[in-house]
1. Order the following by accessible area, largest value first: T121, T126. Probe radius 1.4 Å; ligands, DNA and RNA are ignored.
2. To the nearest 0.05, how large is the calculated FRET efficiency for K141 and Q54 if R₀ is 30 Å and r is the Cβ-Cβ distance?
3. Work out how far the C-alpha atoms of the stretch 117-179 reach from end to end along every principal axis, then list the three figures in whole Å, largest first.
4. Tell me which lysines have Cα within less than 17 Å of K141's Cα, excluding those fewer than 8 residues away on the same chain?
5. Between R90 and A45, what is the label-point separation in nm under the 7 Å Cα-to-beta-carbon projection?
6. Between D68 and R122, 0.36 nm times their residue separation minus their Cα-Cα distance comes to what?
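The values are calculated or read from the model by the stated rules, or taken from the named source; none is laboratory data. No experiment lies behind these values; they were computed from the predicted model shown. In this analysis, Cβ positions are derived from the backbone assuming ideal geometry, glycine residues included, and neighbour counts consider all displayed protein chains. Surface accessibility is based on the protein's heavy atoms, side chains included, excluding ligands, DNA and RNA. Shrake-Rupley method; radii C 1.70, N 1.55, O 1.52, S 1.80 Å.
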Amino acid sequence: MDDLEARLKSLMLSGLGGDAAAHRQLLGLLSERLRGYFSKRMPAAPADVEDLVQETLLAVHLRRASYDRAQPFTAWAFAIARYKLIDHWRRRKIRVATPLDDVAEFLSVEPAASDDGLDLTRALGTLPERQRALIEDVKLKGFSLSEAGARAGVSEGAAKVALHRALRLLAGRMRRADA
């Protein structure tokens with residue numbers, strides 16, 4: 001797996017440097033891995049697999065400037081894939097749990113331990129209870145806005161507004177902690 005990570009990361013860095021052929025090769029190699037990833041998780045919906053592969057490749061392409069060169073490429077790419085899969089399930093109202101351990105085969109390097117102040121748990125703990133609960137329910141547990149709102153005792157619209165405000169507040173606090 002380390003060889004694959006090194007190869008994909010090298011292609012990504014070359015692509016970021018302007019090498020179009022390396023970028024095409026990266027997307028080709030990544031598409032093979034993504035097909036396996038999505039096929040394994042959606043055996044009953046093979047028609048949707050190619051759509052998710054293409055959505056993920058497009059997201060990788062469009063968000064390539066946000067890739068942190070110091071981090072493993074596969075972790076970044078498969079995080080995008082996981083979110084695309086979760087979004088797909090939400091659109092189709094499918095409830096499936098996909099633990100992070102399930103993608104361990106794609107993650108070739110353990111993240112470095114960090115004490116840089118960007119601890120999500122601590123940051124969430126600084127928010128008011130309702131805002132924290134909405135972020136946890138929608139962003140971490142995968143509940144819909146309607147479900148999260150019902151759990152918090154507010155309408156879907158109110159949950160959406162509160163979630164947006166909470167995320168904005170959390171992002172500001174995380175930025176200040178990073179400074």
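1. Numbers: T121 105, T126 75 Å².
The ranking, largest first, comes out as T121, T126.
2. The computed FRET efficiency comes out at 0.60.
3. The principal-axis extents, from largest down, are 36, 18, 16 Å.
4. K84, K93, K160
5. 1.4 nm
6. Value of the extension gain: 17.1 nm.
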